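First comes the structure, then the notes that go with it.
The values are calculated or read from the model by the stated rules, or taken from the named source; none is laboratory data. Remember, it's a predicted structure, so these values are computed and weren't measured experimentally. Cβ sites come from the backbone with ideal geometry, for glycine too, and all protein chains shown count toward neighbours.
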Amino acid sequence: MTKDNYILAVKRNHKRLFAIALSYTKNHEDAEDLLQNTFLKLWKYDKPFQNDEHIDKWLTRVCINECKNYIKLPFRKSTTLEEVKELYTFDNPRNFDVFNALMSLPRKEHAVIVLFYYEDLSTKEIAELLKTNESTVKTRLRRARVKLKEILGEDWANE
Amino acid sequence: MNKEEFVSVMSGVQSSDETLERIMNMTTPKKHFRVRKSLVVVLAIIMILALGGVSANAATDGAVAEYISNTVKVLVNGKETDSEITTDENGSKHIKINGDLQTNGENEIVIKNDKDGTEQIVHYEIQSNDKETAWSLDGNTYVVANNFQEPTTVAQK
């Protein structure tokens, strides 16, 4: 991969991959490390990609794998509410509340929410990515929506 | 909640500019690395001779290789650790050590030569937790960062 293509891939993907990593780590610093690992693997990957879409899908898979390895490690610390306020910007208080509700979800449910709503993947695609079955994905999605509704007191679109 | 609203929520959530810059610059290998606090990194350190009695020309392939071939004792952040010296098929020397390296600030690594009693102190800030990656320092000696071990002790926050 050329340096230019690498830079373009980073610019195109860093935000969404960070969102995925954060859903697993619940910790800003560790999410940054996983993000870095993912892009380092991209830089070192020596086989050609078909197109940008191929690169983006590859990155998502690698990021997920990095996240799965991460959750096996001990001594994980979550980013606190105060830290969230300092680290990220939100257009309005509601967005802040939604983000914190997401961060309160269990990792696997949070990840499914990110992949479904942010990545716009179908439950089947998510199941393939996470190497699980579709019914498991649907269950996690349903549970996440119920919890978010309890916390935020609003309806979620049924997809 | 739909995709548009979700994207709006996450629009301000991203890694720091510093991290992004580091990612962009990863195409250029660097001599200093930072390691995640929860991982043990096996690090190979090559000492550049700057001790008393050693001439400026000592930092050559031959002198470094000879120094490395002597018995060494390694301390990482004050704790003695095992070390292994290997030579690859090209004659390049690697010193691999095990130690808990810290991400907050620099790590002090002391390499003591048991044969002549000299010691070399190196301060390292290490940033890599990918698999083995080697950077050549003088064409015959290499720094190798390699993490494949779960930590046996982890500093509590």
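Per-structure values
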| quantity | calculated |
| --- | --- |
| Complete set of residues in the stretch A:1-21 that are farther than 10 Å from B:Ile23 by Cβ and within 7 Å of another protein chain (Cβ to nearest Cβ) | A:Lys3, A:Lys15, A:Phe18, A:Ala19 |
| Residues of the stretch A:91-111 that turn out to be within 12 Å of chain B (Cβ to nearest Cβ), assigned to a helix (DSSP H, G or I) and among the acidic types (Asp, Glu), as a count | 1 |
| Whichever residue in the stretch A:46-90 is free of Cβ contacts under 8 Å to residues at least 12 places away in the same chain, away from chain B (no Cβ under 12 Å) and in a helix (DSSP H, G or I) and, among such residues, is farthest from B:Val9 (Cα to Cα) | A:His54 |
| Test: residue in the stretch A:112-119 that is at pLDDT 90 or above, surrounded by 14 or more Cβ atoms within 10 Å (Cβ to Cβ), facing chain B (nearest Cβ under 10 Å) and touching a His at 6+ places or on another chain (Cβ under 8 Å) | no |
| Test: residue in the stretch A:39-52 that is among the polar types (S, T, N, Q) and crowded, with 18+ Cβ neighbours inside 10 Å | no |
